[in-house]
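K.L.:
Please read through the structure below; I'll follow up with questions.
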Amino acid sequence: MGAQTMDRAAAERFVAVWCANWCKVDIDAVVAHFADDAQMRSPLALSLTGSLVVTGAENIRAYWREAYGHVESADLKILSWSWDHVIARLTVWWQLGDTRASEFMDFDDAGRVVRSEAFYGK
């Protein structure tokens, strides 16, 4: 998706690719969509890194490898998604097992994720 201005159609394609990458637990493919200086916020990050926010694509990659690197595949299901073109924000609602989550991603003009945040529940 990089080097592409995001719009609703691009966001729809992104969701499909993002889901497929997470189902394969292809962390490198997921991180490839992030800007070098991106920030990712997650409650799980606090327990693994001591901080709620992970900054930088390489640090995000390392965090996800620690958190999910042992998983070979995942049956991630997209429940819904929305695109806000005014603020360039994609929000995805997904489920994995009995965990439900919403996650937003903010994009830059080149179509790269610059900020994301995940919220988890049952």
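K.L.:
If the Cβ limit is 8 Å and pairs must be 6+ apart or interchain, which residue in the range 108-119 that is under 13 Å from residue 53 (Cα atoms) pairs with which residue that is surrounded by 17 or more Cβ atoms within 10 Å (Cβ to Cβ) and at pLDDT below 95?
P.N.:
117/42; 118/42
K.L.:
Moving to a separate point now. Please verify whether the range 61-69 includes one or more residues that are surrounded by fewer than 16 Cβ atoms within 10 Å (Cβ to Cβ) and of a type in the set (A, V, I, L, M, F, W, C).
P.N.:
no
K.L.:
Here's another thing I want to ask about it. Filtering the range 8-33 down to residues that are closer than 15 Å to residue 110 by Cβ and in contact with a Gly (Cβ under 9 Å, 6 or more places away or on another chain), which residue is surrounded by the most Cβ atoms within 10 Å (Cβ to Cβ)? Steps first, please.
P.N.:
Taking the range 8-33 as the starting set, the residues that turn out to be closer than 15 Å to residue 110 by Cβ are 10-11, 14, 32-33.
Right, trim to in contact with a Gly (Cβ under 9 Å, 6 or more places away or on another chain) and you get 10, 14, 32-33.
Values: 10: 16, 14: 22, 32: 16, 33: 20.
Checking each candidate, the answer is 14.
K.L.:
Mind listing whichever residues of the range 10-40 are assigned to a strand (DSSP E or B) and among the aromatic types (Phe, Trp, Tyr)?
P.N.:
34
K.L.:
I'm told residue 73 meets every condition in (1) of a type outside the set (Asp, Glu); (2) in a strand (DSSP E or B); (3) loosely packed, with under 14 Cβ neighbours inside 10 Å; (4) in contact with a helix residue (DSSP H, G or I) (Cβ under 9 Å, 6 or more places away or on another chain) except one. Can you identify the failing condition by its number?
P.N.:
(2)
Residue-wise test of (1) surrounded by 15 or more Cβ atoms within 10 Å (Cβ to Cβ); (2) at pLDDT 95 or above.
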| residue | (1), (2) |
| --- | --- |
| 84 | no, yes |
| 92 | yes, yes |
| 100 | yes, yes |
| 111 | yes, no |
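K.L.:
Within the range 42-58, is even one residue touching a Gly at 6+ places or on another chain (Cβ under 7 Å), open to solvent by 60 Å² or more (accessible area, probe 1.4 Å), in a strand (DSSP E or B) and closer than 17 Å to residue 113 by Cβ?
P.N.:
No.
The values are calculated or read from the model by the stated rules, or taken from the named source; none is laboratory data. None of the values given here were measured: they were computed from a predicted structure. Because the Cβ atoms are built from the backbone with ideal geometry, glycine has one as well, and the counts that use them run over all protein chains shown. These accessible areas exclude ligands, DNA and RNA; they are computed on the full protein's heavy atoms, side chains included. Shrake-Rupley method; radii C 1.70, N 1.55, O 1.52, S 1.80 Å.
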